[in-house]
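As structure tokens, the structure follows; a few thoughts come after it.
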Amino acid sequence: MEYRVNRHGGEKTSLLGLGMMRLPLRDPADPTSIDEEKAQQIVDYAYAHGVNYFDTAYPYHGRMSEKFCGRALARYPRQSYHLASKLPGWLVNGAEDVPRLFEEQLQNCQTPYFDFYLCHSVHEENWPRYQAANAYAQLDERRQKGQIHNLGFSFHGGVPLLKEVLAAGKWDFVQLQLNYFDWDYQDARTKYELCAAAGLQVVVMEPVRGGGLATLCDSAAALLQQAAPDASLARWAIRWAAGLPGVLCVLSGMSTLEQVVDNTAAMAPFIPLTTAEQATLADALAAIKAQKLVPCTTCKYCMPCPAGVNIPGMLRIYNEYRLHGEIPARLRESYNEAPEPTRAAHCVACGKCKAQCPQQIDIPAHMATIAALAKE
Ligand code: SF4
Ligand code: SF4
């Protein structure tokens with residue numbers, strides 16, 4: 001296993017981290033039904049192969065992930081691994097919720113401290129809640145008491161907010177969505193560079209885009225498979241993310257033992273993509289982009305929709321579908337996961353959004369297409 005040194009605390013963290021948000025389930029329809037036997041095998045294999053960074057969060061698996069994590073890791077010496085969890089800002093309604101949630105999380109995880117603790121999923125809508133609850137100052141106090149060894153935040157907002165959050169405290173690390181697709185598409189490059197300029201190392205989330213980069217359109221997949229017949233498509237994505245010099249750890253939410261075997265092998269030893277492989281990946285990315293994605297930038301100028309449709313959310317689902325081989329079942333799954341009142345089927349084609357969209361996207365037409373695909 002390849003290790004990186006955390007510049008803040010000096011700890012050695014494995015370059016591959018185990019994300020505990022997609023653990024195997026007994027009932028696929030019930031996220032709380034973690035198959036603990038299989039999940040424990042995943043944890044044990046990862047640990048035995050040098051993974052020492054385990055990432056959970058309060059809401060994962062309907063609040064069951066932290067508890068599983070506590071049980072699964074209890075068999076190992078506490079000093080031998082790094083545990084990360086996160087404050088769910090959307091459940092913080094006042095300053096008193098911060099200590100309440102933090103203490104509950106320590107109990108869930110059966111630990112007196114977190115090695116890495118984050119304000120979870122910071123974005124434009126919930127950052128004011130973190131601020132109103134004085135979350136940073138409260139967590140900083142916990143850091144000074146030794147209950148948090150490294151304090152950071154996971155980020156899902158835009159560049160202006162990132163600048164604001166970086167300036168709001170003395171953070172030790174940051175967690176970003178980094179993968180070769182979002183590098184330009186979601187402006188991940190700018191965010192990575194801003195964090196690097198602020199001296200922060202990055203824990204990477206979604207290196208495989210929630211599994212999306214593990215199944216590509218035929219032309220992109222063929223290019224990668226021709227170049228490396230034995231390598232999985234996911235391995236290209238993991239190697240790309242792990243090759244960024246400012247990366248401390250690459251999280252992968254592994255659901256099967258097979259994935260853990262593949263991902264750990266990619267880091268033992270870790271070999272960054274060669275120049276020729278980078279060029280092949282660039283060709284594959286061009287093939288992916290040729291899938292004619294809707295150019296939505298999630299600016300939300302089109303919102304709110306009077307009919308309640310989550311327009312950028314629906315377009316994202318459609319783009320994922322275009323991007324990953326146009327598998328209707330995949331679109332339906334994501335569509336049905338979206339809250340019912342926000343789905344494309346509620347569009348009444350009033351056209352209000354179309355007039356607001358700087359990308360001149362024919363939103364009502366896309367909503368009709370998405371609704372029809374979801375119904376098929
Ligand atoms: S056209 Fe459809 S999506 Fe756009 S604002 Fe009207 S109802 Fe909403
Ligand atoms: S205004 Fe256009 S680009 Fe912006 S979120 Fe809406 S659809 Fe996307």
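The values are calculated or read from the model by the stated rules, or taken from the named source; none is laboratory data. Being a predicted model, the structure only gives us computed values, none of them experimental. Because the Cβ atoms are built from the backbone with ideal geometry, glycine has one as well, and the counts that use them run over all protein chains shown. Heads up: the accessible areas ignore ligands, DNA and RNA and are worked out on the full protein's heavy atoms, side chains in. Shrake-Rupley method; radii C 1.70, N 1.55, O 1.52, S 1.80 Å.
Tabulated results
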item: Dipole in debye (nearest 20) - the chain, about Cα centre, beta carbon charges: Lys, Arg +1; Asp, Glu -1; result: 460
item: Exposure of ASP55 as accessible area (Å², to 10), given a probe of 1.4 Å and all protein chains; result: 0
item: Zone of GLN131's modelled label, taken as backbone nitrogen in region 161-184 under 15 Å from a point 7 Å along Cα→Cβ; result: 161-169
item: Sequence-distant residues sharing a close amide H with GLN175 (under 5 Å, placed H); result: PHE153, SER154, PHE155, VAL203
item: Separation of alpha-carbon centers, region 318-367 and region 162-234, rounded to whole Å; result: 24
item: Euclidean distance between Cα centres, region 244-281 to region 87-127, Å; result: 29
item: Estimated Rh, the chain: Kirkwood, alpha-carbon pairs, angstrom; result: 21.7
item: Apportionment of accessible area to carbon and sulfur, the chain, percent (1.4 Å); result: 53
item: Solvent-accessible surface (1.4 angstrom probe) belonging to TRP236, in square angstrom, nearest 10; result: 0
item: Tail weight of P(r) past 24 Å, computed on alpha-carbon pairs of region 55-201, percent; result: 31
item: For region 311-375, alpha-carbon Rg relative to the globular expectation (2.2 N^0.38 Å, N residues); result: 1.06
item: Residue-normalised accessible area of the chain, expressed per residue, 1.4 Å probe, Å²; result: 44
item: Whole-Hz couplings from phi, Karplus 6.51/-1.76/1.60, listed for region 248-264; x for Gly and Pro; result: 8, 7, 10, 8, 10, x, 8, 10, 9, 5, 4, 5, 5, 4, 5, 5, 5
item: Within the chain, percent of DSSP bridges classed antiparallel, to nearest 5; result: 15
item: In order through region 345-354: 3J(HN,Hα) via Karplus (6.51 cos²θ - 1.76 cosθ + 1.60), integer Hz, x for Gly, Pro; result: 4, 7, 4, 10, 6, 6, x, 4, 5, 4
item: Ranking by accessible area, most exposed first, for THR32, THR56 with a 1.4 Å probe; result: THR32, THR56
item: Debye-sum result for region 155-210 in log10 I(q)/I(0), which assumes one identical scatterer on each alpha carbon, at q = 0.13, 0.18, 0.28, 0.29 Å⁻¹; result: -0.28, -0.54, -1.24, -1.31
item: Pairs from LYS12/LYS67; LYS163/LYS352; LYS86/LYS300; LYS86/LYS191; LYS292/LYS352; LYS86/LYS375 whose Cα-Cα separation, in the structure shown, is over 30 Å; result: LYS163/LYS352; LYS86/LYS375
